[in-house]
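Values quoted throughout were computed directly from the atomic coordinates according to the rules given, and no laboratory measurement underlies them. These numbers come from a predicted model, not from an experiment. As a convention, Cβ positions derive from the backbone with ideal geometry for all residues, glycine included, and neighbour counts pool all protein chains shown.
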Amino acid sequence: MEVNDETLTELVRMTHENNRMLHAMRRNALWGGVIKFVLYVLVLVVAPLWLYATYLAPIMEQMAATYEQVQGTGAKAQAQFSDFQDLLKQFQSQFSPQE
């Protein structure tokens, strides 16, 4: 293979072109990685938090309020039932024979 100035010039030109392409590929790979990271963070962290704050939190608050209301109603019913039992005992004591 014959090496002359023209061949060396072509080789240098191709080396510079290859170097520019490699730098562009590395830069594109870096930006692609950054964009993928941001998208993964958005999908895996931000979106669930937003969905929870927007949709799930109000539903959970309503469920907690309903649960507390049911507990309060149960306590009231139990108190009324014990009052009813006391009233029934008083009624029975009035009609039971006294010795």
Tilt relative to the chain, helix 5-41 - C-alpha long axis, 0 to 90 degrees, to 10: 0
Inter-site label distance for Val46 and Leu88 at 7 Å from Cα along Cβ, in nm: 6.3
Cα-centre dipole for the chain with unit charges at Cβ (Lys and Arg positive, Asp and Glu negative), debye to 20: 80
Expected-Rg normalisation [2.2 N^0.38 Å, Cα atoms] applied to the chain: 3.25
Projected label distance in nm at Thr66 and Asn28, using a 7 Å step from Cα toward the beta-carbon: 5.4
Charge-dipole axis of segment 4-99 as Lys and Arg at +1 and Asp and Glu at -1 on Cβ define it, positive-most pick from Val46, Gln94, Gly72: Val46
Dipole-positive endmost among Ala24, Val12, Phe37 within segment 1-79 (Cβ charges, Cα centre): Phe37
